[in-house]
């Protein structure tokens, strides 16, 4: 990592693009921290976080920057060093280095970063619950407005499952261990959530009998077709992909066995 270049530069030479070096393994190159926080954690004891502002890596023309035209940009961020007093697993206690894309980090920003890092496994399991159990990625929405509203509906559903844990019945599977009502996972609470409708009231009135609508008349055209978006496949040469003329649309590949 490098620091920002200084304000004074030699007149005869070209202005340097990078400042002094910041070496993770060299404490003499760290300098003074911009923010230091000390927090008492239940599992880790005293957690100390140090933050250095406006550090940036030296980019090279490879990987994502291989075809970048012009000079390479300088992307500044904040580097955080986290040390804890103890580990729950009694393993080797080593410092953890974290990077944040923001600058001018305050003490609250530093604490939020390293606490979110410790909760990364909980966040990963939450996203897996959204996708596998609550069907976050299942619907094929046509409009971008509906796609923006759907994640908020999934989050609201997750909040309802968390609030319904003390009321839901544990309908556990044979291989699952019994759990206390207030410690049910959202997936297990979802199994007994449907039975809560009988216990709780509803502000809505009783549904009235009705018949389905006639729908679009037979033989009429759909005047509101769905918007089709191009896939945008690009070849390795940078050219847009186009279906060869000898490939018929809708044909299946020939079996080789």
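Here is the figure for the range 97-114: residues that are under 15 Å from the mean Cα position of the chain (by Cα) and more than 14 Å from residue 35 (Cα to Cα) total 1.
Determine whether the range 61-68 contains at least one residue that is free of Cβ contacts under 8 Å to residues at least 60 places away in the same chain and under 19 Å from residue 3 (Cα atoms). Within the range 61-68 (the criterion being free of Cβ contacts under 8 Å to residues at least 60 places away in the same chain and under 19 Å from residue 3 (Cα atoms)), the answer is no, since none of the residues qualifies. Among the residues of the range 106-127, the ones that are modelled with pLDDT under 90 and outside any helix (DSSP H, G or I) come to 1 in all. Can you confirm whether residue 87 is touching a residue at least 12 places away in the same chain (Cβ under 8 Å) and either within 30 Å of residue 236 (Cβ to Cβ) or not in a loop (DSSP other than H, G, I, E, B) (or both)? No. Checked against the criterion of being within 19 Å of the chain's Cα centre (by Cα), over 18 Å from residue 189 (Cβ atoms) and assigned to a loop (DSSP other than H, G, I, E, B), the range 148-160 has no qualifying residue. For the range 174-206, a residue qualifies if it is assigned to a helix (DSSP H, G or I) and without any contact (Cβ under 8 Å) to a residue 24 or more places away in the chain, and the qualifying residues are 181, 182, 183, 188, 191, 194, 197, 198. In the range 161-173 there is at least one residue that is surrounded by fewer than 14 Cβ atoms within 10 Å (Cβ to Cβ) and either within 25 Å of residue 229 (Cβ to Cβ) or touching a residue at least 24 places away in the same chain (Cβ under 8 Å) (or both). Against the list (1) at pLDDT below 90; (2) touching a strand residue (DSSP E or B) at 6+ places or on another chain (Cβ under 9 Å); (3) exposed (fewer than 14 other Cβ atoms within 10 Å of the Cβ), the condition residue 18 fails is (3).
The test for being loosely packed, with under 14 Cβ neighbours inside 10 Å, in a loop (DSSP other than H, G, I, E, B) and in contact with a strand residue (DSSP E or B) (Cβ under 9 Å, 6 or more places away or on another chain) holds for residue 102.
The values are calculated or read from the model by the stated rules, or taken from the named source; none is laboratory data. Worth saying up front: this structure is predicted, and the values here are computed from it rather than measured. Methodologically, a virtual Cβ is constructed for each residue, glycine included, from the backbone with ideal geometry; neighbour enumeration extends over all protein chains shown.
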